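Before any comments, here is the structure.
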Amino acid sequence: MASWLIGVIVVAALFVIVLVALTAVRMQRRRRLRRQFGPEYDRTVDERGRRKAENELAQRAERREQVDLKPLAPEARRLYAASWEQVQARFVDAPADAVQEADVLVAKVMRDCGYPVDGFDDRSDFVSVDHPHLVEDYRAAHRTAVADTGGTVSTEDRRQAMVHFRSLFEALLDDQHDMTDRRTG
């Protein structure tokens, strides 16, 4: 067999090996992102397309890795829990105000925990990394809080927003409790 033909076969074989390796790496990355982001992976892929979505989700995870969260002091957690009870109690007399206060309270907890949360998009990105099962509900609750300034939201929508905010609020405080336990244990 001619040496040039052997060279072509070797180059073709190397090309196939590289192609298989790249496909395997992409599939592994895709599985990791799906496992990490759950339903947020599918939502982002539907919205942006697979390649852009996977790059964005990987960047979110990298940004989150760079954030050093700090545990809240037990007293701060207790005060936040008491604040939540007050916000929830206000819902009966002023549901629109309570929904907006809940949105603000979640943002305050995130900020005090060390999340760099300048705007809602930043907050929802971080929530999508740490609590992917809650992020879509958080977005819906925030949309309700923003829409509520116009007074066009039903009481049931407000109630549902409070439920969503409470789920994230409790998850954030649980994270803090877990973080404190790990540092003291």
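The values are calculated or read from the model by the stated rules, or taken from the named source; none is laboratory data. Since this is a predicted model, take the numbers as computed values, not measurements. Virtual Cβ from ideal backbone geometry, glycine too; neighbours counted across all protein chains shown.
Yes or no: the range 82-91 includes at least one residue that is aromatic (Phe, Trp, Tyr) and not in a helix (DSSP H, G or I). Checking the range 82-91: at least one residue is aromatic (Phe, Trp, Tyr) and not in a helix (DSSP H, G or I). Within the range 64-73, one or more residues are over 30 Å from THR155 (Cα atoms) and assigned to a helix (DSSP H, G or I).
Tallying residues that are farther than 21 Å from ASP118 by Cβ, of a type outside the set (Lys, Arg) and without any contact (Cβ under 8 Å) to a residue 24 or more places away in the chain within the range 55-86 yields 8. A search for C-beta distances below 8 Å between a residue of the range 3-29 that is assigned by TED's automatic domain parsing to the domain that holds TYR41 and any residue that is exposed (fewer than 10 other Cβ atoms within 10 Å of the Cβ) and modelled with pLDDT of 80 or more, counting only pairs 6+ apart in sequence or on different chains, returns nothing. Any idea which residue in the range 129-171 is farthest from the chain's Cα centre (by Cα), counting only those that are surrounded by fewer than 18 Cβ atoms within 10 Å (Cβ to Cβ), touching a residue at least 24 places away in the same chain (Cβ under 8 Å) and outside any helix (DSSP H, G or I)? Per the stated criteria, the residue is GLY151.
Return the residues of the range 74-114 that are modelled with pLDDT of 95 or more and touching a His at 6+ places or on another chain (Cβ under 8 Å); say none if nothing qualifies. Passing the criteria: only ASP103.
Taken over the range 172-185, residues that are surrounded by fewer than 17 Cβ atoms within 10 Å (Cβ to Cβ) and either modelled with pLDDT of 95 or more or in a helix (DSSP H, G or I) (or both) amount to 9.
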